[in-house]
Amino acid sequence: MTTAAIWLSFAFVLGLIVRLAGLPPLVGYLIAGFSLSALGYESNLILEEVAHAGVLVLLFSVGLKLRLRSLLYPDVMGGAAMHMLIITPVLFLVVGVLYSMDTSTGLLVAVALAFSSTVITAKILESRRELRALHGRVAIGILIMQDLVAVALLAYVAGTTPSPWAFLLFAFFILRPVIHRMLDLSGHGELLVLYGLLLALVLGGASFGYFGVSAELGALLLGIVLSNHKRAVELSDALWSLKEVLLVGFFLQIGLSGHPNLDTFIYIPLLLLLLPVKAVLFFFILVMFRLRARSAFLASLSLATYSEFGLIVAQAGLKAGWLTQDWLALLAVTVALSFAIAAPLSRYSHLLYARWEHFLVRFESSKSHRDDKPISLNHPDVLIIGMGRVGTGAYDYLKEHGHKVTGLDSDPVKVEQHITEGRHAFYADAEDPGLWDKLVLKGVKAVLLATPELEAKRYVAARLRASGFTGLISATAVYPEQIDALKASGVDNAYNYFEEVGVGFAGHLQEDLVPKVEKEG
C-alpha cells in the first residue's frame, strides 16, 4: 500500500505541475514513472494489470465511436501498407546498420519502431473530440492495420499461433443483437459501467487472449460491435473517468520500464529525429490518396509516435534471445519520450497547420477525397456548427420558429442520420482554415457554435471574424471561466450549459403551471 501511495503522489504532483505549465497531464505521469525508476522503484503485477485494463477500456471506447466500413477504404489499408513497406527499410538501415545489429535483430527493432501508438493517438483524438473527423478515422484505421501486423509479428517472434478455435470469436458479431439487448437492460447507473467493463476486459480482452489473439484488438472490435447502438455514446461517457484513472497506470508503467545505460543512451536523440520522417511520409502518402493537406497533416501528426505495441514485440524478442535488456530499456525510454513530444504537439496541431497552410496545400491532389469536398450552404439565416445533442435541439427549435437553418458536423455518419431525419446538414470540418475562406456566408445572420471543444469554438469564431463575418456568433460553455475566453475570440454571447438547462426546465414548468392555475382560479 505504501508503494501505491508513493506512485499516486508522484503521478498527481507531477501531473499537476505539467498541467499548470500548459501541457497535458500524461507528460507528468511519464516523468513520474521515470523519476520513480531512477529512485529504484519497479513495476509490479498490480500496476501491470491496472495499465492493461486502462488500455483495453480506452480501445473499447474508441471502438464505440468507429464504423467498421471506415476501415476498409483505400486510404486506410493502402496508407498503412505503403508506410510500413517504406519506413521499415529506412529504420533498418539506420538502426540495424549504424548500430551493427544482425539482420534478424535489426529487422525486429525496425518493425517495432515503424508502429505508431494506438493508445496515445486514440487518447489525443478522443480528448479533442476528433475520432469521427476524417483525419481521426483515417489515423485510427491505419493504427488498426498496424495492430494486425503487430499481432502476426508477435506470434512469429514468440513462436505461438492463435488457437484453431479462434474462429469462434466471430460469434460476437453474430451475437450482436444479444449484446445490444443487454446494453438496453443495463440502465443508466453502475450496472452500465459494469457492463462496459465486462465487454472490454472479459469478452473483448480475456476471451481473445485465451484464444491466442490480441486482447487489445478484441476490446476494439467489441466496441465496434456496439458502435451503431443508440446508447454507445452514453456508455463511452460513463466509462470516461474510470478509463482516465486506469491509464495513469499505463503511463507510470512505461516510465518504470527502466532507463538505458550510458552506452545506449546516446542513440535516443537519433531515434527521436526519425519521428518527423515517419510523419512526413504519412503526409505524402495520404495526400496521394486525395486527402486535403489539412486532413493529411493532422492525421500524420497524430501518428508521429512510437508504439507501446512495439515494446510488446521487443519484449517477446528479449525472451526469444533476439534483443538485450539494454535495448528494451532504450526502446521504452524512446517510446515514452515520443509520447511526451506528441502530447503538446497535438495541442497546437491546428495552429501549426494554419501557419504552414500555404506551403502544404501545394501538395494536394487536384481531385478531392470523397469526404473532403467543399460544400455549399444554400444561404441559411442561421448556421449551427456541431450537430450533437445541443446543436440538434437548437436546430429543431429554430426551425420551428421559422428560421432557415443549416448544420455542419465533422462526423459523416451523424450527418447522414440528420439528413435521413429531414435536417439540412453537411459534412465539414469547421477547424479547417481553408473552409472559412471558401465558404459563402451570404444571408447568414447568426452562427451557433455547439462543438464540445473550447479551443475549436475559439478558433472558429476567430476565423469567422477574420473572414469578414459581422453577424451574431453565439457559443456554448461548460464552465463559467470559458465565457470570457470565448468573447475574447469574437463570440457575442456565450451561455453556460447547466444554467441554460435550469432556465429551460423552469420555463417548461411555468408553462405547465399556468393552465393549472387558471383552471383552479
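Rule-based calculations on the coordinates, nothing more; no lab input. None of these values were measured; they are calculated from a predicted model. Cβ atoms come from the backbone with ideal geometry, glycine included; neighbour counts cover every protein chain shown.
Return E126, E511 ranked ascending by Cβ neighbour count within 10 Å, so the fewest neighbours appear first.
The order, fewest Cβ neighbours first, is E511, E126.
Once amide H atoms are placed 1.01 Å from N in the peptide plane, what residues at a sequence separation of 5 or more from A475, or on another chain, have their amide H within under 5 Å of its amide H?
L449, N493, A494, Y495
Using amide H atoms built in the peptide plane, which far-off residues or other-chain residues are under 5 Å from F426 H to H?
Here G407, L408, D409 satisfy the definition.
May I ask you to evaluate 6.51 cos²θ - 1.76 cosθ + 1.60, the Karplus curve with θ = phi - 60°, for each residue of the stretch 100-111 and list the ³J(HN,Hα) values in order in whole Hz, giving x for glycine and proline?
For the stretch 100-111, the Karplus-derived couplings read 6, 8, 6, 4, 5, 5, x, 5, 4, 5, 4, 5 Hz, x marking Gly and Pro.
Which label belongs to the value computed from this structure, given these candidates for volume of the Cα convex hull per residue in Å³: (1) 129; (2) 146; (3) 179?
Matching the structure shown: (3).
Suppose R0 equals 51 Å; then what is the FRET efficiency for S9 and S163 from their Cβ-Cβ distance, rounded to the nearest 0.05?
Efficiency computed from Cβ-Cβ geometry: 0.75.
To the nearest 0.05, what FRET efficiency results for Y497 and L72 with a Förster distance of 22 Å applied to their C-beta separation?
My answer for the efficiency is 0.05.
Round to the nearest 10 and give me the degree value, 0 to 90, for the angle of helix 497-520's Cα axis relative to the longest principal axis of the chain.
Between the helix axis and the principal axis of the chain, the angle is about 40 degrees.
I need the shape label for the stretch 45-104. Rule: rounded when a/c is under 1.5, else prolate if a/b > b/c, else oblate, with a, b, c from the alpha carbon gyration tensor.
In terms of gyration-tensor shape, oblate.
By count of other Cβ within 10 Å, fewest leading, how are F363, F10 ordered?
Fewest to most other Cβ atoms nearby, the residues stand as F363, F10.
P(r) tail for the stretch 68-129, what percent of Cα pairs lie past 19 Å?
49
Go through the stretch 163-175 residue by residue and turn each phi into a ³J(HN,Hα) via Karplus (6.51, -1.76, 1.60, θ = phi - 60°); whole Hz please, and just put x for glycine and proline.
Computed from phi, the couplings for the stretch 163-175 are 4, x, 8, 4, 4, 5, 5, 5, 4, 4, 6, 5, 8 Hz.
Taking only DSSP H segments of four or more residues, each worth -39500 (n - 2.57), what value at 222 nm results for the chain once the sum is divided by all its residues, to the nearest 500 deg cm²/dmol?
After summing the helix terms and dividing by the residues of the chain, the value is -20000 deg cm²/dmol.
Shape call for the stretch 397-482 from the C-alpha gyration tensor, a ≥ b ≥ c root eigenvalues: rounded (a/c under 1.5), prolate (a/b greater than b/c) or oblate?
rounded
What ³J(HN,Hα) values, in whole Hz, does the Karplus curve 6.51 cos²θ - 1.76 cosθ + 1.60 give for the stretch 322-336 when θ = phi - 60°, with x put for Gly and Pro?
Ordered by residue, 3J(HN,Hα) equals 8, 10, 9, 4, 4, 5, 5, 5, 4, 5, 4, 5, 5, 4, 4 Hz.
Would you list S227, S366 from fewest to most Cβ contacts within 10 Å?
S366, S227
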